[in-house]
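Chemist: Let me begin by handing over the structure; questions about it come next.
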Amino acid sequence: MTTTTKSLRLNFKNAKDESTSITLANALENLPADKVKDAMQKIAGSNVFKKDGTVLYVTPVSANYIERTVTPVFNDEAEAKDAE
């Protein structure tokens, strides 16, 4: 059975001007750009996300919905359960 999931990836620049992102599973679909930008500005303004002393989310860059489709080739585990 093929399954498709959708997530929202928020892309930022960190304090070293390097790319970083947050991926949100199960995000609402069709969010307005202004609401997403506002939320990203709040994340950036909080300065609470750090790694090795570097603030991770400083400048909002973009946001994208990412769709992932999984199509199984085989699944021995599922077949074993069906046989029980």
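The values are calculated or read from the model by the stated rules, or taken from the named source; none is laboratory data. All values reported here derive from a predicted model rather than from experimental measurement. Cβ sites come from the backbone with ideal geometry, for glycine too, and all protein chains shown count toward neighbours. Accessible surface areas use protein heavy atoms only, side chains included; no ligands, DNA or RNA. Shrake-Rupley method; radii C 1.70, N 1.55, O 1.52, S 1.80 Å.
Chemist: Taking the range 69-84 as the search range and keeping residues that are at pLDDT 85 or above and exposed (fewer than 10 other Cβ atoms within 10 Å of the Cβ), which one is nearest to Thr5 (Cα to Cα)?
Modeler: Result: Thr69.
Chemist: Counting only residues that are over 17 Å from the mean Cα position of the chain (by Cα) and not in a helix (DSSP H, G or I), which one in the range 45-57 is surrounded by the most Cβ atoms within 10 Å (Cβ to Cβ)?
Modeler: Val55
Chemist: Can Ala25 be described as of a type in the set (Gly, Ala, Ser) and open to solvent by 60 Å² or more (accessible area, probe 1.4 Å)?
Modeler: On the way: of a type in the set (Gly, Ala, Ser): yes; open to solvent by 60 Å² or more (accessible area, probe 1.4 Å): yes.
For Ala25, the condition - of a type in the set (Gly, Ala, Ser) and open to solvent by 60 Å² or more (accessible area, probe 1.4 Å) - is met.
Chemist: Provide a single number: the residues in the range 8-20 that are loosely packed, with under 15 Cβ neighbours inside 10 Å and in a strand (DSSP E or B). Give the derivation first.
Modeler: Taking the range 8-20 first, the residues loosely packed, with under 15 Cβ neighbours inside 10 Å are 9, 16-19.
Now narrow it down to the ones that are in a strand (DSSP E or B): 9, 19.
Of the residues in that region, 2 qualify.
Chemist: Just name the residue that is nearest to Ser62 (Cα to Cα) out of those in the range 23-44 that are in a helix (DSSP H, G or I) and among the charged types (D, E, K, R).
Modeler: Among those that are in a helix (DSSP H, G or I) and among the charged types (D, E, K, R), it is Lys37.
Chemist: For residues that are under 22 Å from Lys6 (Cβ atoms) and of a type in the set (S, T, N, Q), scanning just the range 16-44, find the one that is nearest to the chain's Cα centre (by Cα). Let's see the steps before the verdict.
Modeler: Of the range 16-44, the ones under 22 Å from Lys6 (Cβ atoms) are 19-40, 43.
If we keep only those that are of a type in the set (S, T, N, Q) too, we end up with 19-21, 23, 26, 30.
Details: Ser19: 14, Thr20: 11, Ser21: 7, Thr23: 1, Asn26: 9, Asn30: 15 Å.
If we take residues in the range 16-44 being under 22 Å from Lys6 (Cβ atoms) and of a type in the set (S, T, N, Q), then Thr23 is nearest to the chain's Cα centre (by Cα).
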